[in-house]
Amino acid sequence: MRRAIVTLVCGCAVAGLLAPGTAWGQEYGSIVAWGLNADDQCEVPEPNMGFVTVAAGSYHSLGIKGFPRGDLDHDADVDLDDFNIFAGCMNGPEVAFPTGCDAADLDGDADVDLADFAEFQTLFTGAR
């Protein structure tokens, strides 16, 4: 999973990461922040999406962005678009995968084969 630390704005007392089916009309993986806001420290910067976890305290808040394993097109789900990319990477056992297919090697054995496809199936969420 690719991760990039994204500092939000310091001082927000509480932050929450939204899961599927959550209220407030927010996108999956977006952040809702609340608390003391004297210096706009609860203002979440755009784009407010793709967060996988958050941490917050009295004087800080930060969000970690990333993509789920198997999300080869980085749109926060594992669906048929990802399968199309996966299929283009699949060369079989002990055959090196094409450039740019590192994320499709789900079992880390330097090839994209049926073992990776078995793992891909467990990660499949469908479009969100």
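The values are calculated or read from the model by the stated rules, or taken from the named source; none is laboratory data. Because the structure is predicted, anything quoted here is derived from the model rather than measured. All Cβ positions, glycine included, derive from the backbone under ideal geometry; neighbour counts span all protein chains shown.
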Problem - Residue that is surrounded by the fewest Cβ atoms within 10 Å (Cβ to Cβ) [pool: residues in region 39-70 that are closer than 30 Å to Val112 by Cβ and touching a Leu at 6+ places or on another chain (Cβ under 8 Å)] - result: Thr53
Fill in the blank from the handout: Checking Val9, Val78 in turn, the sole residue that is at pLDDT 85 or above, in a loop (DSSP other than H, G, I, E, B) and not hydroxyl-bearing (Ser, Thr, Tyr) turns out to be Val78
Completion exercise
How many residues of region 89-128 are farther than 23 Å from Gly66 by Cβ and surrounded by 14 or more Cβ atoms within 10 Å (Cβ to Cβ)? The answer is 5
